[in-house]
Amino acid sequence: MKITKIQIEKFSIPFTEPFQVAFGLITDSESWTVKVMTDEGVYGLGSAAPLGFVTGETMDTCYLVLKMLAEAMIGRDPMDIRGAHALMDGLIYGNGSAKCAIDTALYDIMGKKKGQPLYRLLGGTNPTVYNDITIGIDEPAKMRAEAENHVRERGFRILKVKTGIDLQRDIEALTQIRQAIGEEVRIRVDANQGYDLETALTACKELESLGIEAMEQPLPWWDFDGAAELKRRNETTVALMLDESIHSPHDASRAAKLQCADYYNIKLMKCGGLYHGLQIADIAEGAGVSCMVGCMQENKISLTAGISLVAAKKAIIEADCDSFIFFPGDDDGIAGGFTREGGVFTLTEKPGLGIEADF
């Protein structure tokens with residue numbers, strides 16, 4: 001089997017409302033969809049969702065890199081995913097979302113060729129994944145109302161609340177949320193690099209009193225030493241998670257050596273796809289660290305790949321793959337991949353991603 005052609009198409013859809021996080025405002029989902037075609041008529045789908053302040057890519061730069069990678073992949077064996085990554089890494093450093101699009105399409109082809117859904121291809125046996133839903137930074141009363149809606153009306157039992165601009169306001173919002181939804185709903189927070197060390201330590205104590213399970217990326221992405229000190233000094237039950245610090249297996253190994261965190265957030269757009277995501281999960285398991293698979297402003301193509309990774313690896317016990325829920329109509333118009341009932345996502349048993357292309 002050989003790759004004969006790779007198509008690249010733009011995917012764009014607005015969010016129902018702007019989404020505020022500590023380092024920026026996100027208003028829509030823009031990504032590139034790729035279709036990798038072969039001489040046997042089997043094709044694979046992938047998606048690249050660049051985000052400048054996370055992956056260092058823009059839509060324009062991502063397209064240029066995708067074009068370069070697509071040209072280099074023509075004539076290659078799509079089943080040789082290790083070789084594909086060696087080729088891509090040899091051509092350009094970083095650019096995780098562009099590489100993720102190619103990577104996911106190749107795994108989709110492999111799943112179709114072997115007649116297995118992606119989660120089984122990766123080693124999983126259970127297609128069901130319990131997912132959270134995210135609440136952006138806003139006025140505390142509005143965040144409380146949103147939390148109530150997600151729990152009472154939409155059936156979610158895990159909330160991820162964005163924080164990191166002002167600790168006092170963060171605690172006010174979280175207090176209102178906890179009062180509104182009760183003690184049974186799980187809550188974690190994501191500071192998106194918004195705190196310094198002492199503020200993060202204070203935050204842990206406040207969060208523990210509210211029954212918050214975990215705090216994600218409180219410190220700047222580059223501050224591995226600070227993350228290690230925070231973990232050493234944290235005397236609460238609040239688990240600490242790294243996100244923007246973990247782009248590659250090398251980052252995961254460094255964090256493990258320094259004992260920086262209790263969790264790593266694996267995002268396919270950061271690490272370049274499933275190939276490296278699997279490696280990060282294995283490194284975490286060896287270090288006694290748990291993982292979550294997260295997302296950015298992605299559609300169901302890459303989200304299906306991420307949820308499949310959750311279902312496949314023992315070390316990955318949490319899922320934050322909810323971006324498509326913020327599109328108009330609670331969907332992105334892409335059929336297949338998985339179904340959802342509240343926060344329970346169930347992967348398809350169709351081969352590969354289980355998503356058909358209409359281009």
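The values are calculated or read from the model by the stated rules, or taken from the named source; none is laboratory data. These figures come from a predicted structure and were not determined experimentally. Heads up, the Cβs are rebuilt from the backbone with ideal geometry, glycines too, and the neighbour counts pull from every protein chain shown. What goes into the accessible areas is simple: the full protein's heavy atoms, side chains included, and nothing from ligands, DNA or RNA. Shrake-Rupley method; radii C 1.70, N 1.55, O 1.52, S 1.80 Å.
Assorted remarks:
- Residues that are surrounded by 13 or more Cβ atoms within 10 Å (Cβ to Cβ), in contact with a Ser or Thr (Cβ under 9 Å, 6 or more places away or on another chain), free of Cβ contacts under 8 Å to residues at least 60 places away in the same chain and more than 19 Å from TYR275 (Cβ to Cβ), drawn from the stretch 19-59: MET37, MET59
- Extreme residue, most open to solvent (accessible area, probe 1.4 Å), among residues of the stretch 252-287 that are of a type in the set (Asp, Glu) and closer than 24 Å to ARG232 by Cβ: GLU285
- Any hit, the stretch 108-125, residues being buried (at least 24 other Cβ atoms within 10 Å of the Cβ), β-branched (Val, Ile, Thr) and farther than 16 Å from MET73 by Cβ: no
- Any hit, the stretch 236-251, residues being part of a helix (DSSP H, G or I) and surrounded by 17 or more Cβ atoms within 10 Å (Cβ to Cβ): yes
- When the strands (runs of 3 or more DSSP E) confined to the stretch 273-359 are screened for residues that are among the charged types (D, E, K, R), those reaching at least 2 such residues are found at 338-341.
- Residue within the stretch 288-304 that is surrounded by fewer than 24 Cβ atoms within 10 Å (Cβ to Cβ) and out of contact with any helix residue (DSSP H, G or I) (no Cβ under 9 Å at 6 or more places or on another chain) present: no
- Inter-residue pairs, beta-carbon under 7 Å, first of a type in the set (Asp, Glu) and in the stretch 74-89, second surrounded by 14 or more Cβ atoms within 10 Å (Cβ to Cβ), 6+ apart: ASP77/MET1
- Considered as a group, the residues in the stretch 311-354 that are among the acidic types (Asp, Glu) and open to solvent by less than 40 Å² (accessible area, probe 1.4 Å) include one that is modelled with the lowest pLDDT, and that residue is ASP332.
- Residues in the stretch 157-209 that are farther than 21 Å from PRO18 by Cα, open to solvent by less than 10 Å² (accessible area, probe 1.4 Å) and assigned to a loop (DSSP other than H, G, I, E, B): VAL185 alone.
- Residues located in the stretch 60-88, provided they are open to solvent by 10 Å² or more (accessible area, probe 1.4 Å) and in contact with a Gly (Cβ under 8 Å, 6 or more places away or on another chain): ARG76, ASP77
- Looking at the stretch 1-117, the helices (runs of 4 or more DSSP H) lying wholly inside it that each contain 3 or more residues that are modelled with pLDDT of 95 or more and in contact with a Lys or Arg (Cβ under 9 Å, 6 or more places away or on another chain) sit at 59-73, 81-91, 96-114.
- Test: residue in the stretch 131-142 that is in contact with a helix residue (DSSP H, G or I) (Cβ under 7 Å, 6 or more places away or on another chain), open to solvent by less than 40 Å² (accessible area, probe 1.4 Å) and in a helix (DSSP H, G or I): yes
- Total residues in the stretch 220-235, condition part of a loop (DSSP other than H, G, I, E, B) and in contact with a strand residue (DSSP E or B) (Cβ under 9 Å, 6 or more places away or on another chain): 2
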